Amino acid sequence: MDKTIALYMRLSDEDDNLAAHEESNSISHQRKLMLDHIQKLPELKDCNIMEFSDDGYSGADFSRPNFVKMMDLVKAGKIQVIVTKDYSRLGRDYLEVGNYME
């Protein structure tokens, strides 16, 4: 079975207003970092890739539209791996993020 990888990117309004971090947290920069990382891992190089992005949504809210779509596909067994820039892109409540990681 071919693996499907989900790239998950999120940029909240608060992140967008932080001038010092604007470029490092931008959606396009997150995408580039993740794609570069995947290319370095032989076991992931030939996997199918799906992208999910919630631009302008707070990490405190886990009902973000594309996050919900992605998690539905994970539960359905259609996504085997989630790649994100860091845990804060999944959400700001690390206990809740931990529930999704199981």
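The values are calculated or read from the model by the stated rules, or taken from the named source; none is laboratory data. No experiment lies behind these values; they were computed from the predicted model shown. Positions of Cβ are generated from backbone atoms using ideal geometry, with glycine treated the same way; all protein chains shown enter the neighbour counts.
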Task: In the range 40-56, the residues that are surrounded by 15 or more Cβ atoms within 10 Å (Cβ to Cβ) and polar (S, T, N, Q) - done: 53
Task: helices (runs of 4 or more DSSP H) (entirely within the range 45-102) containing at least 2 residues that are at pLDDT below 90 - done: 87-90, 94-101
- [ ] Can you run down the residue pairs with Cβ atoms below 8 Å, 6 or more apart or on separate chains, where the first is in the range 62-81 and among the β-branched types (Val, Ile, Thr) and the partner is part of a helix (DSSP H, G or I)?
- [x] 79/70; 79/73
- [ ] Scan the range 16-44 for residues that are modelled with pLDDT under 80 and in a helix (DSSP H, G or I) and report the count.
- [x] 8
Task: Residue selected from the range 1-15 under the condition among the charged types (D, E, K, R) and within 14 Å of residue 58 (Cα to Cα), by the criterion modelled with the highest pLDDT - done: 10
